[in-house]
């Protein structure tokens, strides 16, 4: 399949729509019919998925923009970080690292990109959003948020410049307060369950953890 | 959770254990052997254990245990064990995620919360079977877990399975492989002989029908989505200003929906039939000058816009039995249409539907925004949840960082203040200032209400003002200016107050503004239903009230435009050019939303007297959207104060429901039940109260025959009987009280669970410390053993040296 169209095959599209949150609102009814020709799924997820595919293809060099090669191509981080939706986000590097499945963790494939959009979409469950938020905030990837992770997180939130950071005493006080409030088992770190418990008390999280293409 | 606790302990594998399946009844054996292990180890570490505890007590001096030392200096073996603890692996390892979702699928299928006995692993009593497993989840273990999960997924329904897969935090490739493996093989169903031909024909027909229906449904859905306007505009606003300002525009959209619903009902049941059967006009229609758009009088007077135009007879009456005032022009096959009844019941039913929709959306929003225990933990919530990922512009992102930093500093300052108690003198002074400011604000509200009352009395008394049409605009103008100016005054007064909590400030400002508006509206309602009815006896007072409300609505819009122009545009120009400040004026969300609520209250007040008023409100809301959007993008910046968007949306919906809608409903009920309608115009001109139309119809039905006798019965025993109202109120109160108790119970349970978790945490720390001491002792033994072998190697050389020497 050549050309520059962003038409994904129907089977592939149907598969993506089943496994991600991206198209639930586009679908009125979904019927699975197994007949002699194999299973077919109907759906009109063209808008959201082809939007994602179109934006992804824009990041690729010209020769890789066909449907086949775009599904296999790996886009390096610098290109992804140039997307307008991610450009101004202080967590953009962490987001790319968390969703990347390449062995060197330095590029995103189309499916990783779809994963990213699915988690950040409107209809993703708060459960999956909080899981990925935890992984984004876990700067050293050890499965918990310790003091170092929390201080890096606060620095991302307040700005990296010297005059925009909190002072050392304020930072220490803040991290003490955070641990006091959320570390229920008192081991000095916040694990996933404690993090999800904190998130569940904030009804704004699901609507702010959203990226719209 | 059935997660295996992996340990490395020096226990030789007894060959007998491998073949036998240990059942829970063998627990005592398992327990004893573990006891033996502990005894062996503890004999050797008894000394070190005592030392450990002494050292701990010296270091911490508190009764709580702490981790022995920071993790960086613990031995590698301990670190490896810590890293593979289930509470840590769930956050990063695929195998742990798979086993967690396996458990969830099992629970979903079997609908029980206890895992099966066969899989149960007591975390405090590890079974001997697990001793030979390595630390990190190996590929073999992961494959086992994956196959277990696949088996469970196969036994779910397809929709449930897909739902489960969608919610798993795995990558797309892994999900796809799981789905492939769990797809139920259909091969054995293919190639069925005999009935295959007929089945395939029916199947294809059904398939074709479903396909057609599905395409139709998709077309409808896409048409509906195309009708939903402003998607790109809202995205732009959200990207530049965040969720807080977006909540104002979403509220505006909600109001549009309410008005559209109201208008639909009114047009279908009141305006449509009246337009189809127009009554005779009382005189020549007045000439249209441009002033009608502002005053609502003039050539708008005898149109479907106002109450007075509607006929009080049955439309389309068959010529056989004429009632007074009806025209004898029946359409072929038409039904008679009782206009007074239709008018009353349409207004009643539309209010009822609006009430139900409002209460439902308020309850829904409340359910989404309220969490038990959400007031505690504000630092953690601010740090984890306050970054708005929708923001896409660099400048807005930097602004958000500034806001978060300010917010964090404020939180820390508040916390400091709370933990260093203020002196009694300071607190008294604070209370005095607070009381004074509140008194001044309430005084302002009262003063405004009195001013409106005096002015309206003056308008009634002065005869020369009545003649001119432009003079009708003075009262709305005065009220509008008071509505605009008094909140600014209250904001200036509030600057004198001590700021304790920024969120509370916002609530207090909303409260004061609301009291002011309620006072003014209350005075106006008394003026209309109490005084104007008396003054305008013999004329059409309902028309006048309808026109007044139209004027108020239009004047509100005009003043809002002027306020946007001067408050935002001119202020920005002044602050940039003259004062040389970089900050643009803030978009005051609370004040703008209260203005929207005020406009909607006016609409609801006026629906009975001017059925076309919702259409005017819709046009006004559309214009407000575009004006506010343009002004926002050009002149304003996001507010610096913290804004809990979902919380605030609930507050606004509640304010829309309770003071606004309830007040309008009370006004409507009073007008329908107590006030005598004018005798010269409108559908109720011959009746004592508007409600009589219903009673007349019921009496008519009673006379009609026994077939519809249940309706008068229902009316007599449910509508007019007060006992039924009491019963319904009592039930409602009981439901509310039960819900309050449930919430209280949930809070208690949360407290107990938290205590239990912190106790478990202490257990964990105790175990980690013990583990660390064991490894430390082993390392020391290793080192000393290596040291002695080195010494054993070295002395012969020394001896030879000494012998030589």
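Can you give me the Kirkwood hydrodynamic radius for the stretch B:364-407, using every pair of distinct Cα atoms, in Å to one decimal? Kindly include the intermediate steps, with their values, before the conclusion.
Details: mean 1/r = 0.0815 Å⁻¹.
About 12.3 Å, per the Kirkwood formula over Cα pairs.
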Subject >> Principal axis dimensions, largest first and in whole angstrom, of the stretch B:427-567 by Cα >> reply: 61, 32, 22
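Output needed for the stretch B:598-639: three equivalent-ellipsoid semi-axes, defined as square roots of 5 times the C-alpha gyration tensor eigenvalues, in descending order, whole Å. Could you put the intermediate results ahead of the total?
Numbers: eigenvalues 162, 23, 4 Å².
Square roots of five times the eigenvalues give 28, 11, 4 Å.
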Original post:
Over the stretch B:587-667, with a single point scatterer placed on each C-alpha, what log10 of the ratio I(q)/I(0) does the Debye formula yield at q = 0.10, 0.14 1/Å?
Top reply: -0.30, -0.58
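Using a 10 Å cut-off around each Cβ of peptide B:169-179, what is the average number of partner chain Cβ atoms that fall inside? Walk me through the numbers before you get to the answer.
Numbers: counts 10, 3, 8, 14, 6, 2, 6, 5, 0, 1, 3.
Across the residues of B:169-179, the mean count of other-chain Cβ atoms within 10 Å is 5.
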Subject >> With 10 Å bins from 0: P(r) over the stretch B:339-447, alpha-carbon pairs, percent >> reply: 10, 17, 20, 29, 14, 7, 2, 0
Subject >> Cα-projected label distance for residue B:257 with residue B:141, points at 7 Å along beta-carbon direction, nm >> reply: 4.9
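Would you tell me the mean number of C-beta atoms belonging to other protein chains that fall within 10 Å of each C-beta in B:389-398, as a whole number? Show your work: numbers first, answer last.
Values: counts 13, 8, 4, 9, 3, 3, 1, 1, 5, 4.
Mean inter-chain Cβ contacts per residue within 10 Å come to 5.
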**OP:** Take the Cβ-Cβ distance between residue A:51 and residue B:220 as r, set R0 to 25 Å, and report the resulting FRET efficiency rounded to the nearest 0.05.
**Re:** 0.70
Original post:
When you look at the Cβ of every residue in A:187-193, what mean number of other chain Cβ atoms sits within 10 Å?
Top reply: 6
Subject >> Burial ranking of peptide ranges A:108-114, B:277-283, B:756-762 (average Cβ count within 10 Å, highest at the top) >> reply: A:108-114, B:756-762, B:277-283
**OP:** Before anything else, pin down the relative contact order of the stretch B:607-706: Cα pairs under 8 Å, at least 6 apart, normalised by residue count, whole percent.
**Re:** 13
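Using alpha-carbon pairs under 8 Å, 6+ residues apart, how would you state the relative contact order of the stretch A:54-114 in percent?
Working: 59 pairs, mean separation 21.1, N = 61.
Normalised by residue count, the contact order of the stretch A:54-114 is 35 percent.
Given R₀ = 45 Å, FRET efficiency for residue B:756-residue B:537 by Cβ-Cβ distance, to 0.05? It would help to have the intermediate numbers written out before the result.
Working: r = 74 Å, r/R0 = 1.65.
In this case the efficiency is close to 0.05.
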**OP:** Return the ratio Rg/(2.2 N^0.38 Å) for the stretch B:695-767, where Rg is computed over Cα atoms only.
**Re:** 2.48
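Obtain the radius of gyration and the Kirkwood radius of the stretch B:677-731 from its C-alpha atoms and give Rg over Rh. Write out the running numbers ahead of the final one.
Numbers: Rg = 14.4 Å, Rh = 13.0 Å.
Radius of gyration over Kirkwood radius for the stretch B:677-731 works out to 1.11.
Report the FRET efficiency, 1/(1 + (r/R0)^6), for residue B:454 and residue B:738, where r is their Cβ-Cβ distance and R0 is 51 Å, rounded to 0.05.
Numbers: r = 49 Å, r/R0 = 0.96.
My answer for the efficiency is 0.55.
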Subject >> Alpha carbon convex hull of the stretch B:613-725, projected area averaged over orientations, nm² >> reply: 12.7
Subject >> Simple label model, 7 Å out from Cα along Cβ direction - residue B:674 to residue B:493, nm >> reply: 3.0
Original post:
Sorting B:723, B:258 on the 10 Å Cβ count, fewest up front, what's the list?
Top reply: B:723, B:258
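Per the Kirkwood definition applied to all pairs of different Cα atoms, how many angstroms is the hydrodynamic radius of the stretch A:57-213?
Final number for the Kirkwood radius of the stretch A:57-213 is 17.2 Å.
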Original post:
So how compact is the stretch B:647-805: Cα radius of gyration and Dmax in angstrom?
Top reply: 44.0, 141
Original post:
When N is the residue count of the stretch B:512-622, what does its C-alpha Rg come to as a fraction of 2.2 N^0.38 Å?
Top reply: 1.36
Subject >> Cα-projected label distance for residue B:780 with residue B:695, points at 7 Å along beta-carbon direction, nm >> reply: 9.9
Subject >> Span from the the stretch B:555-575 Cα centroid across to the the stretch B:372-418 one, whole angstrom >> reply: 31
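Against the globular-protein guess of 2.2 N^0.38 Å, express the Cα radius of gyration of the stretch B:470-524 as a ratio, rounded to two decimals.
Working: Rg = 14.0 Å, N = 55, 2.2 N^0.38 = 10.1 Å.
The value comes to 1.39.
How much length would be gained if the chain were fully extended between residue B:710 and residue B:291, taking 0.36 nm per residue of separation minus their Cα-Cα distance, in nm to one decimal?
Values: separation 419, 0.36 × 419 = 150.84 nm, distance 5.16 nm.
Stretched fully, the residue B:710-residue B:291 segment lengthens by 145.7 nm.
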Subject >> Peptides B:604-614, A:150-160 ordered by average Cβ neighbours within 10 Å, highest first >> reply: B:604-614, A:150-160
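What full-extension length gain, to one decimal in nm, is calculated for residue B:727 and residue B:630 as 0.36 nm per residue of separation minus the Cα-Cα distance? Working shown, then result.
Working: separation 97, 0.36 × 97 = 34.92 nm, distance 5.17 nm.
Contour length minus Cα-Cα distance gives 29.8 nm.
Read-outs throughout are calculated quantities, based only on the coordinates presented, and are distinct from any laboratory measurement. Just so it is clear, the structure is predicted and the values come from calculations on it, not from any experiment. Using ideal geometry, Cβ is built from the backbone for each residue, glycine included, and neighbour counts are taken over all protein chains shown.
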